[in-house]
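For reference, the structure discussed in these notes is given below.
The values are calculated or read from the model by the stated rules, or taken from the named source; none is laboratory data. Just so we're clear, the structure is a prediction, and the values are computed from it rather than from any experiment. Heads up, the Cβs are rebuilt from the backbone with ideal geometry, glycines too, and the neighbour counts pull from every protein chain shown.
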Amino acid sequence: MKHLIKIFLTLTACFAVTFLLIKFTGILGMEQIEAWLKQARELSPIYVGLIVTALLFADLFIAVPTLTVTILAGYFLGHGFGAAAALSGVTLAGVCGYSLSRHYGGAILGFLIKQEDKRNEAIMTFHRYGFTMILLSRAMPILPEVTACLSGMTRMNFGKFLLAWWVSSVPYVLIATYAGSISSIDNPMPAIYTAIGITMLLCGLWFVCHRAKNAEEPKSMTTHQ
């Protein structure tokens, strides 16, 4: 597990650099994103959808506030079209992250972990827990992109990855865009409550899974003995 954690933390640190860059430079702040969406809405809802999709796809390369953009998609486009635009962007980001990492990830793994047996151990550990990690990755920023890249690097079956990605993303997108669709400037509370609720629920599930894993390990050790 410790070798997988090393890879996980390294990837997280790389994505965190873009988060800090965006945060402190203000290159892609929420006020700017909202201004883009308002201007696009005056032209055509199609442009709003394209901006939402592009932003959520770009989250693979630069830190984008995914939940906020998804809620805004529902606010500007309504539930149905907002969900379609958001899910398109999220899916593109996941598939692209998986594909790039599957192609170039071998070299990165070799650089991070020199010994082949330790690399294989990390790969097997992710194959064991990766599906669950992807399912719960929406609990925190950066985690979805990290798990998508890990899936490609460890050559997880693409169908299995995509299933986990959609099972994680579809409810997330549907709930967030619905909250945005019933919110307004005068009544933003549905969006606020949804953002807090989704984060708390997924963090709670992370905690439960972590406890279950810790309880399982002693049993596995006893069985092998």
>> Here is a list: G26, G94. Which entry is buried (at least 24 other Cβ atoms within 10 Å of the Cβ) and either within 28 Å of K160 (Cβ to Cβ) or at pLDDT below 95 (or both)?
In response: G94
> Which is touching a Gly at 6+ places or on another chain (Cβ under 9 Å), within 20 Å of G97 (Cβ to Cβ) and modelled with pLDDT of 90 or more, of A73, A84, A54?
Replying inline: A54
>> Quick test for you: out of G78, G74, pick the one residue that is closer than 29 Å to F24 by Cα and of a type in the set (G, A, S).
In response: G74
